[in-house]
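Here the structure comes first, spelled out in structure tokens, and everything after it is commentary.
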Amino acid sequence: MTERLYYTSDNTEGQANLLSCSAELDGRYAVVLDRTLFHPQGGGQPADAGWIDGERVETVLARGDDVVHIVAKPLLPGIVNLRVDVALRQLHARLHSAGHLIGLAGTAFGWLPVKAHHWPNEGRITFAAGENGTLPDTLSLQEKINAWQADNLARQVTFTDGLRQVGFGHLLAYPCGGTHVAHLSEIGPVTITQVKMKKGQMIVNYTLVP
């Protein structure tokens, strides 16, 4: 089982023990470490990128309890140096944190977030109807998000029965395995681009200013 250091640390450089490196069907190699700083694709968030001993990590996947790092060339077992692409990590963290705020804003209008997609230029949160839900407009959602960001609430990470939960300040925390900004001001401007209904669900699309 790979220890996921990013659950509790924002470090983007460190060391790990390379346990195995096996060939993939596509000619690349799957590297398993005893612990990792790299977030795998999943939970609505893209994978981190970066380097292991200078070799580019092309993607990161979760396979069972292991985090698998895909590289182009084989690497030898032993202690290796890890370096996460900082700019890409920060973008993903900003997108994911913005998605949490949109989920909370939708909840305030009686909707329940059921699905999230925190990808660059594709951000969207899907909501199911709750009791007495009203369809908000983009401005109403925007105002709530802007107010929380103005308060610059700090990230809170807790573990309950092994389940990681991420919240900001006094706001409701969500079960989450993703990466997030330390304070809400780090997200930057969030733009709600569309609010629409589809098959009884509310879909909110959003983007960030680079």
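Against the criterion of being open to solvent by 70 Å² or more (accessible area, probe 1.4 Å), part of a strand (DSSP E or B), modelled with pLDDT of 95 or more and out of contact with any His (no Cβ under 8 Å at 6 or more places or on another chain), Leu82 does not qualify. One residue stands out in segment 96-117 among those that are among the aliphatic types (A, V, I, L, M) and in contact with a Phe, Trp or Tyr (Cβ under 7 Å, 6 or more places away or on another chain): the one that is nearest to Asp151 (Cα to Cα), namely Leu101. When you look at Arg89, is it open to solvent by 50 Å² or more (accessible area, probe 1.4 Å), in contact (Cβ under 8 Å) with a residue 60 or more places away in the chain and either β-branched (Val, Ile, Thr) or in contact with a Ser or Thr (Cβ under 9 Å, 6 or more places away or on another chain) (or both), yes or no? For Arg89, the condition - open to solvent by 50 Å² or more (accessible area, probe 1.4 Å), in contact (Cβ under 8 Å) with a residue 60 or more places away in the chain and either β-branched (Val, Ile, Thr) or in contact with a Ser or Thr (Cβ under 9 Å, 6 or more places away or on another chain) (or both) - is not met. None of Gly169, Gly162 is open to solvent by 10 Å² or more (accessible area, probe 1.4 Å), more than 17 Å from Gln45 (Cβ to Cβ), more than 15 Å from the chain's Cα centre (by Cα) and in contact (Cβ under 8 Å) with a residue 12 or more places away in the chain except Gly169.
Here is a list: Ile102, Ile145, Ile192. Which entry is assigned to a strand (DSSP E or B) and of a type in the set (Val, Ile, Thr)?
Working: Ile102 fails: assigned to a strand (DSSP E or B); Ile145 fails: assigned to a strand (DSSP E or B).
Answer to the check: Ile192.
When segment 20-41 is filtered for residues that are surrounded by 14 or more Cβ atoms within 10 Å (Cβ to Cβ) and outside any loop (DSSP other than H, G, I, E, B), the ones remaining, listed by number, are Cys21, Tyr29, Ala30, Val31, Val32, Leu33, Arg35, Thr36.
Is it fair to say Pro113 is open to solvent by 20 Å² or more (accessible area, probe 1.4 Å), within 22 Å of Gly167 (Cα to Cα) and in a strand (DSSP E or B)?
Working: open to solvent by 20 Å² or more (accessible area, probe 1.4 Å): yes; within 22 Å of Gly167 (Cα to Cα): yes; in a strand (DSSP E or B): yes.
Here the answer is yes, as Pro113 does meet what is asked.
The values are calculated or read from the model by the stated rules, or taken from the named source; none is laboratory data. Since we're looking at a predicted model, the values are computed, not measured. Backbone-built Cβ (ideal geometry, glycine too); neighbour counts: all protein chains shown. Areas reflect the complete protein model, heavy atoms only, side chains present, ligands, DNA and RNA absent. Shrake-Rupley method; radii C 1.70, N 1.55, O 1.52, S 1.80 Å.
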